[in-house]
Amino acid sequence: MKNWSGLSEKERELAKHAALTHILKAVIEGGLRFDDRANNDNLQKRIDQALAEAERMRTPWFAHEYIMESCGQELQSFAADDAVDAFYPEDSEFILYI
């Protein structure tokens, strides 16, 4: 099992991209929401506005682009943190999810 320090630079970029894709999917599907009041920001408001704009433009398949345009920096930061905290199995290792 590898951690962040055991990854090559290319693997690190792939890990950050995978983490960002996971976050965007969860945000678009509504499984991940941010509490603007508790976080003292307006991240969820901007996400909601981006989703509304994608719907208004009748291009929901581009929702991730609208979100990244307005909130990309924050979401990339979250993805980088998730990637650093993750474990990366070797091909021969079995992962059990509970």
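Below is a table of values for the structure above.
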{"quantity": "Identity of the residue in the range 75-98, surrounded by fewer than 12 Cβ atoms within 10 Å (Cβ to Cβ) and in contact with a strand residue (DSSP E or B) (Cβ under 9 Å, 6 or more places away or on another chain), that ends up nearest to GLY30 (Cα to Cα)", "calculated": "PHE87"}
{"quantity": "Checklist (1) under 30 Å from MET1 (Cβ atoms); (2) under 15 Å from the mean Cα position of the chain (by Cα) applied to PHE94, failing item", "calculated": "(2)"}
{"quantity": "Options ARG33, ARG37: the member that is of a type outside the set (A, V, I, L, M) and either closer than 14 Å to GLN76 by Cα or over 17 Å from the mean Cα position of the chain (by Cα) (or both)", "calculated": "ARG37"}
{"quantity": "Leading residue by the ranking (farthest from ILE67 (Cα to Cα)) among those in the range 5-56 that are in contact (Cβ under 8 Å) with a residue 60 or more places away in the chain and touching an Asp or Glu at 6+ places or on another chain (Cβ under 8 Å)", "calculated": "ALA19"}
{"quantity": "Residue match in the range 19-40 (condition: of a type outside the set (Asp, Glu), assigned to a helix (DSSP H, G or I) and in contact with a Pro (Cβ under 9 Å, 6 or more places away or on another chain))", "calculated": "yes"}
{"quantity": "Any hit, the range 64-74, residues being surrounded by fewer than 17 Cβ atoms within 10 Å (Cβ to Cβ), over 30 Å from GLU90 (Cα atoms) and either aromatic (Phe, Trp, Tyr) or in contact (Cβ under 8 Å) with a residue 40 or more places away in the chain (or both)", "calculated": "yes"}
{"quantity": "Among (1) at pLDDT below 95; (2) on the phi > 0 side of the Ramachandran plot, the one test that PRO89 misses", "calculated": "(2)"}
{"quantity": "All positions within the range 1-58 that are under 25 Å from PHE87 (Cβ atoms), out of contact with any Phe, Trp or Tyr (no Cβ under 9 Å at 6 or more places or on another chain) and charged (D, E, K, R)", "calculated": "GLU9, LYS10, GLU13, LYS16, LYS25, GLU29"}
{"quantity": "Count of residues meeting criterion [at pLDDT below 95 and either under 16 Å from ALA79 (Cα atoms) or touching a Cys at 6+ places or on another chain (Cβ under 6 Å) (or both)] in the range 20-30", "calculated": "0"}
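Residues checked against (1) of a type outside the set (Lys, Arg); (2) more than 15 Å from the chain's Cα centre (by Cα); (3) modelled with pLDDT under 95:
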| position | (1), (2), (3) |
| --- | --- |
| LEU7 | yes, yes, no |
| LEU14 | yes, no, no |
| ALA18 | yes, no, no |
| ALA52 | yes, yes, no |
| ARG58 | no, yes, no |
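The values are calculated or read from the model by the stated rules, or taken from the named source; none is laboratory data. Keep in mind the model is a prediction, meaning the values are calculated, not measured. Glycine also receives a Cβ, built like all others from the backbone with ideal geometry; neighbour counts cover every protein chain displayed.
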